[in-house]
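The structure appears below as structure tokens.
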Amino acid sequence: MSQKLNNFDMVIFGATGDLAMRKLLPCLYQAHAAGLLHPKGRILCVSRSQMDTAQFLAKVQSDSKIHVKKNFTDALWQNFIQRIEYLTVDVTQPAHFEDLSQAVKARTETDNVIIYLSTAPKFFAPACENLAKVGLNADNVRIVLEKPLGTDLYSSQQINTDVAKYFKENQVYRIDHYLGKESLQNLLPLRFGNVFFEQVWNKDFIQSVQITIAEQLGVEERGEFYDITGALRDMVQNHIMQMLCFVAMEQPKSLNADDVRDEKLKVVAALKPMTSADVDKNVIRAQYTQTAEQKGYLQEHNVPTDSKTETYVAIRAELDTPRWVGVPFYLRTGKRLASRTAEIVLNFKAQDNGLFGANANRLVISLQPDETIVAKLFVKQVGSGLDVQPAEMVLDMGKVSDERRAEAYELLLREVIDGRLNLFNRRDELEKAWEWVMPILDNWANSSVKPYGYIASSWGPKEAQDLLARDGNAWLEDQV
Ligand code: NAP
């Protein structure tokens, strides 16, 4: 059961931007509509544009309301927008922060201040510096940082160092919206709260692990952004790394943020570092290619025709821990794949006790589009004898409870308001993840080899199938 949240004052930088209009304000509305927001909680929207609150609200009405897909009523909406005020603040203008400080201080009802930087990361340093000049970095202030937090280890360290000059680590909330997914968080109770799983969740019983984030869409109109980003930076270093942490971590001492984050850090630190030769052998990068119906990546708007940016990556990784030594972790993500899914597959070792043949169980944990946990079991075939056949035991998380399931961003916003850091990345975790992907980025930057091709709307390049076939394994869609 969800509890009413603390009173709060949330300042959203980048409030006129796409993220604020499409996600932040609609998700705050959902929390409001569910009766979770404190009646006096206030949302102070700021950006560079010169306008007053009435003009901003007109923009919210046209650009944001359309993204409220559920639980909309006019009365609730009118009530919600009364929480919103607008102020012009150019991040690069120290004088504007005096106005901001006055606006925040004018409110005496709460000292629970949240600053959400929904702007390009180049603004984080000036924003933090200017916030500090007017005292908006005091211990009661939390700062939320949107991704991308860097494009490599160096730039990530730079951002974190800039922010750390003004904010203590326990004031910093780094967003990775995958952490807001119920089905990812559910891995902790699933693993450590059920006697079934924890005993067999290790190298003695598990043969391999697959983690997939697949998108059906191509780069659409975002070619310019995507071409300087690519699949590794966009998905692996952050979201896939979080999925890996939750699957592979040891039991934390407690559910306190730092105990959980300590265990996640140990997973990332245990990833075997890759040499350039390892990258050649264990990492597949590829681009989707043209079909009669669909453009290839190189034909997309704003993508250079000689681009080597990967729209697909598959990695064979290993973890150097007693629990996992020798177990391959296959990580992959891509655009224009056969279906949209985010899932974790645990392939168990085949057990043959001489009675029913060598049967291998499998557990598939889906995060999207459906939230399900599917166990492949072997059961008696109907009829004479005791031959077995595979069957699926399905847990549909959507049916476990009648409680409303909030979108990831709403859950994260609620956590920030109440000051819980569990679902946010700590600096050391983030930088360790960058450290691990750097040899891949360096290898690609120094290579003249072009990415492999894969047919748009397929399951990726043949080379990614070969990567698993080498170990005698296959991706989920190729398994029986
Ligand atoms: P956007 O649509 O380009 O909006 C940028 C915002 O920054 C606008 O509100 C703009 O205000 C403001 N801004 C620009 N220069 C400023 C300045 N000097 N001072 C104050 N404000 C300034 O960007 P977005 O898509 O919302 O993304 C924001 C951040 O979130 C980016 O880092 C992006 O990578 C990240 N992100 C976005 C999404 C998404 O779905 N959009 C998802 C994940 C992460 P004006 O309009 O007033 O100029």
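The values are calculated or read from the model by the stated rules, or taken from the named source; none is laboratory data. What you are looking at is a predicted structure, and each value in this text was computed from that prediction instead of being measured. Ideal geometry is used to build each Cβ from the backbone, glycine not excepted, and the neighbour counts take in all protein chains shown. With ligands, DNA and RNA removed, areas are computed over all heavy atoms of the protein, side chains included. Shrake-Rupley method; radii C 1.70, N 1.55, O 1.52, S 1.80 Å.
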query: Based on what the data block shows, is VAL11 in contact (Cβ under 8 Å) with a residue 24 or more places away in the chain, under 21 Å from ALA106 (Cβ atoms), among the β-branched types (Val, Ile, Thr) and open to solvent by less than 50 Å² (accessible area, probe 1.4 Å)?
result: yes
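If we only count helices (runs of 4 or more DSSP H) wholly inside the range 140-245, which ones have 1 or more residues that are at pLDDT 95 or above?
Answer list for the range 140-245: 153-164, 182-185, 187-192, 223-227.
I'm checking my understanding of the structure. Among residues of the range 96-128 that are out of contact with any strand residue (DSSP E or B) (no Cβ under 9 Å at 6 or more places or on another chain) and either within 13 Å of the ligand (Cβ to nearest atom) or β-branched (Val, Ile, Thr) (or both), which one is modelled with the lowest pLDDT?
If we take residues in the range 96-128 being out of contact with any strand residue (DSSP E or B) (no Cβ under 9 Å at 6 or more places or on another chain) and either within 13 Å of the ligand (Cβ to nearest atom) or β-branched (Val, Ile, Thr) (or both), then THR108 is modelled with the lowest pLDDT.
Please verify whether ALA75 is open to solvent by less than 20 Å² (accessible area, probe 1.4 Å), among the small types (Gly, Ala, Ser) and more than 16 Å from the ligand (Cβ to nearest atom), treating the condition exactly as stated.
no
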statement: Considering the range 129-143, residues that are in contact with a Pro (Cβ under 9 Å, 6 or more places away or on another chain) and open to solvent by 30 Å² or more (accessible area, probe 1.4 Å), and then whichever is farthest from the ligand (Cβ to nearest atom), we arrive at LYS133
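Suppose we keep only residues that are away from the ligand (no atom under 12 Å from the Cβ) and surrounded by fewer than 22 Cβ atoms within 10 Å (Cβ to Cβ) within the range 42-59. Which one would you say is nearest to MET10 (Cα to Cα)?
ARG42
What helices (runs of 4 or more DSSP H) completely inside the range 363-480 contain at least 3 residues that are in contact with a strand residue (DSSP E or B) (Cβ under 6 Å, 6 or more places away or on another chain), under 30 Å from GLN294 (Cβ atoms) and modelled with pLDDT of 95 or more? Talk me through it step by step, then tell me what you get.
Details: elements: 408-417, 427-445, 462-469.
Here the list reads 462-469.
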message: Against the condition of a type in the set (A, V, I, L, M, F, W, C) and part of a helix (DSSP H, G or I), how does LEU136 come out, does it pass?
response: no
- prompt: Can you tell me which residue in the range 294-335 is surrounded by the fewest Cβ atoms within 10 Å (Cβ to Cβ), limited to those that are among the hydroxyl-bearing types (Ser, Thr, Tyr) and within 12 Å of ALA231 (Cβ to Cβ)?
  reply: THR309
field: Of all residues in the range 24-41 being in contact with an Asp or Glu (Cβ under 8 Å, 6 or more places away or on another chain) and closer than 28 Å to PRO121 by Cα, the one that is nearest to the ligand (Cβ to nearest atom)
entry: CYS27
Residue count, the range 187-206 (criterion: farther than 17 Å from ASN425 by Cβ and in contact with a helix residue (DSSP H, G or I) (Cβ under 7 Å, 6 or more places away or on another chain)): 6
